[in-house]
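Taking it in order: structure first as C-alpha cells, then the write-up.
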Amino acid sequence: MGAGWGNAVLAGLRSLVVVVALAVIGLGAFVEYMMHDIDVRGEGLLDIVPMNEDRKEAWRAFFDALVNSQIRIWIAIAAGSFTFLAVLMVFLSYKIERFKMSRYVTIPLEFLSMLAMTAAFVGPLTLAIKMMPVCANLPTSTSRDLTTFSMVCPLTTAYTVAGGVGSFLLAITSLAALISACSQARNQKVCSFEPTASTLGMTHGYQAVIPPQSRSTIPTLYDPRKPEPGSDDKSPRGSEEVGLAVSGEEMGMAVARRDSGLSTKSGDSAGAAEISGPLGLEKPEVVAQMRPARPWSEMPKRG
C-alpha cells in the first residue's frame, strides 16, 4: 500500500512538472514576443506619446534592459522545452508499458531535467533582479502600448516563480527515483539465492543431459550381474539361468512320468487275485533310470 501511494504521488508530481514546464515555455514565448515588439516599435512610441524627457529616459532604460536580456529568455525557453519532453517521457515510461524504459535511463533524464529547470529558473531570476530597479522607477503612461510593455515586469516575476517551483518538484522526484532504485538494487542483492553456473561446476562446454528414467520395478536384492528388465540377456549368467530352467522342466516331466507309471502299476496289481509282496516294487537299476539322480540321498552312509 505504501509503495502504491508513493508511486501515485510521484506520478502526480511529474504531471505537475509537465504543466509547469509548459507554463515556462508559454511565459518565455510571450516575454520574447514583447521584447521583439519593444525592439521594433519602442522608440517610435516614445516619439509619438507626449511626455517630458525624464519619463522618456526612464522608458528608454526599460527598453534597453529588456532588449539586452533576450538571451536569458531563449535559454529559459530551451531549458523548459527539454524539461517538458524529458519529464513527459519519464511519465509515460512509468504509466504505459509500451514506453517502458530502464531506470538507468529515466533517473539520468530526471536529473538532467532538474538541471535544465534550474537554468530556466536562474535566467528569469537574473532578469527580474536586473529589471527590479528599472520597473520601480518606470513612470505611468496613458498609452495603451506602453502599458502593455510595462506588463513585462510582473511577467518576469511569475517566470521566476514558475522556474523555481519546477526545479523544486524535479529535485523531489529525482531524489525519490534514485532512492527507490538503490532500495530495489539492495533488495535484489540480498534476496538472490540462485546458484550460478560457476558455483555448480558448469564450465564453458557444459551441456545439460536428460537424466535416465528410473526402473519401474526395483529388486529387493541387488545383483550387478543381472540385466535390467527389458534388456537383451546376452551374459553368461543369463544363459546359465536358462539352462537351470530347462533342467527343472525336464525334472518335473520325469517325476510326472514316474508318478503316472506307479499309479498304472498299482492299478494292475490291484486287479490281480494273489499278491505275495509289496505293491509297485522295482529293481534299483530300473528306479535309477526312472528318477533323476539325488546325490544327497545316495551318498554312502558312515559306518
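Odds and ends about this structure:
- Per-region count, the stretch 129-153, residues assigned to a helix (DSSP H, G or I) and either among the hydrophobic types (A, V, I, L, M, F, W, C) or open to solvent by 80 Å² or more (accessible area, probe 1.4 Å) (or both): 11
- Matching residues, the stretch 152-189, being among the aromatic types (Phe, Trp, Tyr) and touching a residue at least 60 places away in the same chain (Cβ under 8 Å): Tyr159
- Pair list, Cβ < 9 Å and 6+ apart or interchain, from the stretch 113-125 residues that are under 19 Å from Leu66 (Cβ atoms) to residues that are open to solvent by 10 Å² or more (accessible area, probe 1.4 Å) and among the basic types (Lys, Arg): Val122/Arg72; Gly123/Arg72; Pro124/Arg72
- Residue in the stretch 94-104 that is modelled with pLDDT of 85 or more and surrounded by fewer than 19 Cβ atoms within 10 Å (Cβ to Cβ) present: no
- Verdict on Trp5 being at negative phi, open to solvent by 90 Å² or more (accessible area, probe 1.4 Å) and either at pLDDT below 85 or not basic (Lys, Arg) (or both): yes
- Extreme residue, least open to solvent (accessible area, probe 1.4 Å), among residues of the stretch 33-77 that are without any contact (Cβ under 8 Å) to a residue 40 or more places away in the chain and of a type in the set (Lys, Arg): Lys56
- For the stretch 160-210, the set of residues classified as outside any loop (DSSP other than H, G, I, E, B), over 24 Å from Val9 (Cβ atoms) and at pLDDT 55 or above consists of Thr160, Lys189, listed by residue number.
The values are calculated or read from the model by the stated rules, or taken from the named source; none is laboratory data. On a predicted model such as this, the values are computed, not experimentally measured, just so you know. Every residue, glycine as well, gets a Cβ built from its backbone with ideal geometry; the counts of neighbours run over all protein chains shown. Areas reflect the complete protein model, heavy atoms only, side chains present, ligands, DNA and RNA absent. Shrake-Rupley method; radii C 1.70, N 1.55, O 1.52, S 1.80 Å.
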